[in-house]
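Note sheet for the following structure.
Read-outs throughout are calculated quantities, based only on the coordinates presented, and are distinct from any laboratory measurement. The shown structure was predicted, so the numbers you read here are calculated from the model rather than taken from an experiment. FYI the Cβ positions are ideal-geometry reconstructions off the backbone, even for glycines, and counts take in every protein chain you see.
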Amino acid sequence: MGGRLGGVGTGLALGGGLSYLAPQYGMACDSFKELEVVLPNGTITTASATSNPDLFFGLRGGGGNAFGIVTRYTVQSHPIGKFYAGTLVYVLDHSQAVLDAARDFIAYNTNPKASIMATYEVLTTPDVLLNLDKFIVVFLVYDGTEPGTAFRNFTQIPHLLDTSKPNKTYTEVAEMPIPYTAELSRADNVFRIGAHRIEGAAGLQRPRELYDRYAAWAAANKGLYVYVALNLYPVARSMTDASRARGGNAMQMPDGPWLWVRYILSTPPGLLPGVYDKVQASFRAMVEATPSAPGLPLFLNEAAADQRPLSTFPTYSRLQQIKRKYDPDGFFVNRTGGWTFD
Ligand SMILES: Cc1cc2nc3c(=O)[nH]c(=O)nc-3n(C[C@H](O)[C@H](O)[C@H](O)COP(=O)(O)OP(=O)(O)OC[C@H]3O[C@@H](n4cnc5c(N)ncnc54)[C@H](O)[C@@H]3O)c2cc1C
């Protein structure tokens with residue numbers, strides 16, 4: 001288990017680790033069997049279900065720089081074959097139809113082999129020409145060569161491009177080009193995360209509400225960013241069940257389905273500090289205008305520093321105790337960046 005892209009590593013798994021296989025096997029950290037850890041006092045120790053189980057618990061999704069440096073890890077591998085996978089690209093006219101398809105997939109899909117990620121991207125270029133500054137990309141991944149009707153709601157919406165095909169290796173899946181303009185631009189990138197439920201009438205409207213706020217912000221702030229993105233990540237019931245069956249993780253994820261929404265704000269190099277701060281504050285206000293659902297953990301790997309994601313975990317007080325035990329002098333807080341505990 002790793003991430004959706006091959007290039008991200010240990011920090012990804014320690015912070016949870018979300019991949020296209022998560023609906024089958026849980027988060028990447030749920031497949032840890034044993035970790036070798038160098039503690040802040042220099043001791044080399046082992047964390048597993050039977051050796052320092054509290055440390056093992058904290059490192060399963062509680063982040064790397066809180067407790068120690070992981071120097072070796074043993075993980076449970078999972079059998080895989082060939083995949084049906086690819087991307088569907090849509091023009092903006094279909095934004096609402098794609099939102100509804102994504103919402104319905106999150107709410108109703110029960111096939112753990114089927115996984116999606118829906119992304120809405122806006123470039124800073126003016127929107128004078130056919131909305132070509134905006135595009136929608138949906139990633140479809142099926143563990144098997146025949147997805148049946150799993151993705152029909154997406155494929156039946158008119159699209160510009162469909163690269164989906166069967167018989168892809170997992171390496172090819174992990175190399176599918178994600179439109180990370182942010183990575184290419186080497187601009188300043190800030191991730192923000194939200195966690196939302198989609199139950200009831202208000203819940204089912206939530207993806208639209210999130211999108212409308214995001215799209216309005218993107219239109220009103222042209223020129224102040226290189227690119228902004230809104231990504232919808234389903235958290236399926238099968239994913240939370242798989243996590244629990246493997247002992248659970250530091251997030252103690254409530255039963256799915258619900259969703260994480262990841263935002264990216266990529267700002268151009270050289271923005272004056274006052275302007276930079278204003279843009280960040282207004283983007284943050286846009287995200288916070290739709291508050292996350294109480295009781296859902298914010299995903300560490302995709303959160304902004306000011307979101308204090310650890311404090312949203314139901315296990316926070318237990319994590320604080322583990323932190324005090326393994327890092328009593330606050331070595332990681334004082335000597336490195338990263339997530340802090342009160
Ligand atoms: C292009 C891109 C794609 C991404 N895709 C996904 C995805 O599909 N799924 C997902 O869950 N997340 C994803 N992320 C988020 C990613 O999980 C986080 O950015 C994560 O922190 C990256 O970890 P790293 O080890 O690759 O990076 P690093 O910068 O090396 O590490 C990040 C932090 O992890 C900790 N860490 C790293 N190694 C160790 C270690 N050996 N021991 C202790 N702590 C350590 C440290 O705190 C470090 O500061 C993506 C990020 C990017 C930029």
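Summarising the amide proton neighbourhood of ALA195: residues at separation of 5 or more, or on other chains, whose placed amide H is nearer than 5 Å comprise VAL261, SER292, ALA293. Anyone know which of ASP162, ASP277, ASP143 comes out most mobile in the 10 Å Cα GNM of the chain? Highest fluctuation of the listed residues: ASP277. Taking a label point 7 Å from the Cα of SER77 along the Cα→Cβ vector, which residues of the stretch 1-28 have an amide N closer than 11 Å to it? Only 1 fall inside the zone, counting backbone N under 11 Å.
Across the stretch 206-213, computed HN-Hα scalar couplings (Karplus, 6.51 cos²θ - 1.76 cosθ + 1.60, θ = phi - 60°) run 4, x, 5, 4, 4, 5, 4, 5 Hz from first to last residue, x flagging Gly and Pro.
Spin-label pair GLN320-THR46: with each label point 7 Å from Cα along the Cα-Cβ axis, the two points sit 3.3 nm from one another. Amide H to amide H distances under 5 Å link ASP188 with THR267, where only residues 5 or more positions off or on other chains count and H is placed in the peptide plane. Residue by residue through the stretch 94-111, what is 3J(HN,Hα) from phi via Karplus (6.51 cos²θ - 1.76 cosθ + 1.60, θ = phi - 60°)? Round to whole Hz and write x for glycine and proline. Result, rounded to whole Hz: 9, 4, 5, 5, 5, 4, 5, 5, 5, 4, 5, 4, 4, 6, 10, 5, 10, 8. Can you tell me how the stretch 287-342 classifies by the Cα gyration tensor, rounded, prolate or oblate, using a/c under 1.5 as the rounded cut? Verdict is oblate for the stretch 287-342. Cα centroid separation, the stretch 129-163 to the stretch 62-102: 16 Å.
What is the Cα centroid distance between the stretch 197-228 and the stretch 1-45, reported in whole angstrom? Cα centroid of the stretch 197-228 versus Cα centroid of the stretch 1-45: 30 Å apart. Karplus-derived 3J(HN,Hα) values for the stretch 65-77, using 6.51 cos²θ - 1.76 cosθ + 1.60 with θ = phi - 60°, are 8, 9, 10, x, 9, 7, 10, 7, 9, 10, 10, 6, 8 Hz; glycine and proline are entered as x. Annotation: aspartates and glutamates with alpha-carbon distance below 17 angstrom to LYS82 (same-chain offsets under eight excluded): ASP143, GLU146, GLU172, GLU175.
Here the Gaussian network model covers the chain, with springs between Cα atoms less than 10 Å apart; of ASP255, ASP30, ASP306, ASP306 fluctuates the most.
Put a dot 7 Å past the Cα of LYS278, heading toward its Cβ, do the same for THR171, and the two dots end up 5.0 nm apart.
Taking LEU55, LEU232, LEU271 as the candidate residues, the one with maximal mean-square fluctuation in a Gaussian network model of the chain, Cα springs under 10 Å, is LEU271. Taking the alpha carbon gyration tensor of the chain, multiplying each eigenvalue by 5 and rooting it gives semi-axes of 32, 25, 18 Å, largest first. Dividing the summed -39500 (n - 2.57) terms of all DSSP H runs of n ≥ 4 by the residue count of the chain sets its mean residue ellipticity at 222 nm at -8500 deg cm²/dmol.
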